[in-house]
Structure formats: structure tokens, C-alpha cells
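Presented below is the structure to which this report refers.
The values are calculated or read from the model by the stated rules, or taken from the named source; none is laboratory data. The shown structure was predicted, so the numbers you read here are calculated from the model rather than taken from an experiment.
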Amino acid sequence: MSEYKRVAKFLTSGVSAALVEYAVFLLLVGTIAKDQVVVAQTVSFLAGLIVSFSLNRRWVFSPQRKASRTFVEYFALATINLVITNILLLGLHHFLPLAIAKIIIMGCVAFWNYFIFRKVIFR
């Protein structure tokens, strides 16, 4: 598969996962987790993670390795991303509206994830 096609598929799957994550985040922040930014972020992140892993594993990268090993690596990266995201969100939401801070952080995570997925996890 050409790199352009892979990037297009990655962006499509990423947008799908991001929409799920962002919708869950806004729902939680707007209802039960109003003052619990980290809880809302964590739950929404996990919802997006499920969508992202499924699409990237089956459609974007189609690795030849065992799914269990791929998931362990994917989960390790997701854990790192979650910690970084929570820290950044807690810091940025003092300077930006929460919804804007979330979008900026999600964009940064998507950018570095592509390279890590391509070179390490789904090689």
C-alpha cells in the first residue's frame, strides 16, 4: 500500500476515533463529570482507544504479528498518551476553553502516534 493511501486511512480512522472520544468527553463534562476533568478525559480516551485500535489493526496497518502482542504495545503507548494528555489538559484548561484544549492535545497525540504505529506497533 502506498504511504499516501496509508496516511489517508490513518486520518480517516483517527477522525472516527477522535469524534467518539470528543463526543464522550463533552457528554461527560456536560453532565456527570463537570468538575472531574481527568475522569472525563480518561473515560473518553478509552472509548476512542477501542475505536482506534480496531480500525488501525484491521484496516490501516494490517500487521502480520499476533494481535495479542500488538495490543500490549498499543496499550502501553495508550497509557503513555493518557498520562501526557491528562497532564496537558489539566495545565491548558486554565488558559484555553476546555473543548479547545482537548482538540489541540488530540491533534498532537495523533501526529506522534502515526510514526509510532508505523515504525513500532504495526510494522
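The figures follow:
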item: Matching residues in region 77-118 - criterion: being of a type in the set (Gly, Ala, Ser) and at pLDDT below 85; result: 110
item: Residue, farthest from residue 72 (Cα to Cα), within region 6-54, restricted to residues that are modelled with pLDDT under 85 and basic (Lys, Arg); result: 34
